[in-house]
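Chemist: There's a structure below that I have some questions on.
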Amino acid sequence: MTSSTEHGDPPAVTDAPPALEVRDLGKRYGDTQAVDGIGFDLDAHEILCLVGPSGCGKSTVLRMLAGLVTPDSGQVVLAGRTVDGPDGHLAPERRGVGIVFQEHALFPNLTVEANVGFGLAGLGRSRRRARVTEMLALVALEDHAARYPHELSGGERQRVALARALAPAPSVLLLDEPFASLDQNLRVQVRDQVVSVLRATGTPAVFVTHDQGEALALGDRILVLRHGRVAQIGTPQGIFHAPVDRFVAAFMGDADFLPARVVDAVVESELGERPAPDAPPTHAVELVVRPDDVSFDVSPTGSAVIDGVEFQGESNLYRLRLASGAVVRSRRPHTEVVPVGGQVTARFSDHHRSPVLIAGSEPSGPRRDDPQALPEPAAVRTSTDRNRNAASASSSESSFL
């Protein structure tokens, strides 16, 4: 069920019961259905990322798992024990889960050592000290035991928060945007350290993030939420390369949508033809095109024009306006410079994968009247897009609980 990652060995598939089972979970606030029928399992040692646009219900789901919010319907089973369901609601402190929120909320008057040991009051002094030492070594902060939170960097404080949440050996760790307050370079560094710790301890985790790249990098599986519902769940590779609809395709990475048709198991489009033996038996499809799928050659007789370029450091991202008026993007090395207005011949890249198709003439993704629609760059809104869209538009803390 799970996939390998760049952050250590993946969890092994076993016959062990799930660490977490969620069934038909729902939560309403007034007239707003924040979570609507969510269901998934979390395997032992697995990292599951919840991702989606703001307001889609990610944090509400996490807080229901923690017991901080009581669901209106559904069932939550932790390590084989029902903690939410028809028979009632188990208090947060009795669930045995660890929580790390965006704001680490360490006790400012306690040392690092005392913060990590805060949730171990039930242990004897020697066992408590040994456990704290073990956790600090795990997050590479054993030399900081006597320091206070104000003497630490942001990344160090977040690692202390992680050690504190892991110290009581929770059955599941819940993380809600834990790196959002860190700068990008530190964020990646701390993220990799956290994943290494989770792998080393074998702790299953549910990780909430709005960062699609972060979800792709660290999740064994990803659950994409939209309007409080599951849009798609699967491996990072599966969701990125085989999105179920336009919304998922656009949300999980740069994507343009090119009208195409299927004729005799071949996809025909302005970028060329590609075999598609599994394509649906329909002539009305959209082709999901990502920047690395598109290449071009400078040609005075080319039918496409460079409509714009964005310098991205290691690469240039070109906008190509095709003869039909549709716009696709192409990522090229920064050493290749083509002026805006230059004529080119656009085509599929040589390494282009099997085409990703979305059946139907209307996009199944976000509409313009959809509050969770993804804004498209102005350059990629073709007249066809506009016509289709017009037709379709009729408490922050870190603790162990």
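The values are calculated or read from the model by the stated rules, or taken from the named source; none is laboratory data. Computed from a prediction, not measured in an experiment: that's the story for all the values here. Counting neighbours? That spans all protein chains shown, and the Cβs are built from the backbone with ideal geometry, glycine included. For the accessible areas, the whole protein counts, side chains as well, though only heavy atoms, and no ligand, DNA or RNA atoms are used. Shrake-Rupley method; radii C 1.70, N 1.55, O 1.52, S 1.80 Å.
Chemist: Given points 7 Å out from each Cα along the Cα-Cβ axis, report the residue 343 to residue 278 separation in nanometres with one decimal.
Modeler: Between residue 343 and residue 278, the simple spin-label model gives 4.0 nm.
Chemist: Hey, another quick one. Per residue, how many Å² of accessible area does segment 7-158 show with a 1.4 Å probe?
Modeler: 48 Å²
Chemist: Of 160, 172, 201, whose Cα points farthest to the positive end of the dipole of segment 149-242 (charges on the beta-carbon: +1 Lys, Arg; -1 Asp, Glu; origin at the Cα centre)?
Modeler: 172
Chemist: Next question. Counting only protein heavy atoms and using a 1.4 Å probe, what share of the accessible area of segment 236-307 belongs to carbon plus sulfur, as a whole percent?
Modeler: Using a 1.4 Å probe with all protein chains present, segment 236-307 comes out at 53 percent carbon and sulfur.
Chemist: Related question: For segment 215-256, report the accessible area per residue in Å² (1.4 Å probe, heavy atoms, rounded to an integer).
Modeler: Per-residue value: 29 Å².
Chemist: Within segment 104-223, what whole-number % of the accessible surface is contributed by carbon and sulfur, with the 1.4 Å probe and all protein chains included in the calculation?
Modeler: Answer for segment 104-223 is 50 percent, counting heavy atoms of protein chains only.
Chemist: Find how much the distance from residue 229 to residue 210 grows on full extension, using 0.36 nm per residue of separation minus their present alpha carbon separation; answer in nm with one decimal.
Modeler: Stretched out fully, the residue 229 to residue 210 stretch lengthens by 5.3 nm.
Chemist: Between segment 126-189 and segment 14-64, what is the separation of their alpha carbon centroids in Å?
Modeler: So the two Cα centres are separated by 25 Å.
Chemist: Also, I was wondering about something else. Can you tell me which of 141-150, 218-227, 67-76 comes out highest on packing, and rank the rest after it, using the mean Cβ neighbours within 10 Å?
Modeler: Most protected by this proxy first, the peptides run 218-227, 67-76, 141-150.
Chemist: Which FRET efficiency, nearest 0.05, do residue 28 and residue 184 yield, Cβ-Cβ r, R0 45 Å?
Modeler: The computed FRET efficiency comes out at 0.80.
Chemist: Tally Lys/Arg at +1 and Asp/Glu at -1 over every other residue whose Cβ is under 13 Å from the Cβ of residue 110; what's the total?
Modeler: With Lys, Arg at +1 and Asp, Glu at -1, the neighbours total +1.
Chemist: Something else now. What accessible surface, in Å², does a 1.4 Å probe find on residue 77, ignoring ligands, DNA and RNA and rounding to the nearest 10?
Modeler: 20 Å²
Chemist: Also, I was wondering about something else. How many percent of DSSP beta bridges within segment 122-271 run antiparallel, rounded to 5?
Modeler: 65 percent
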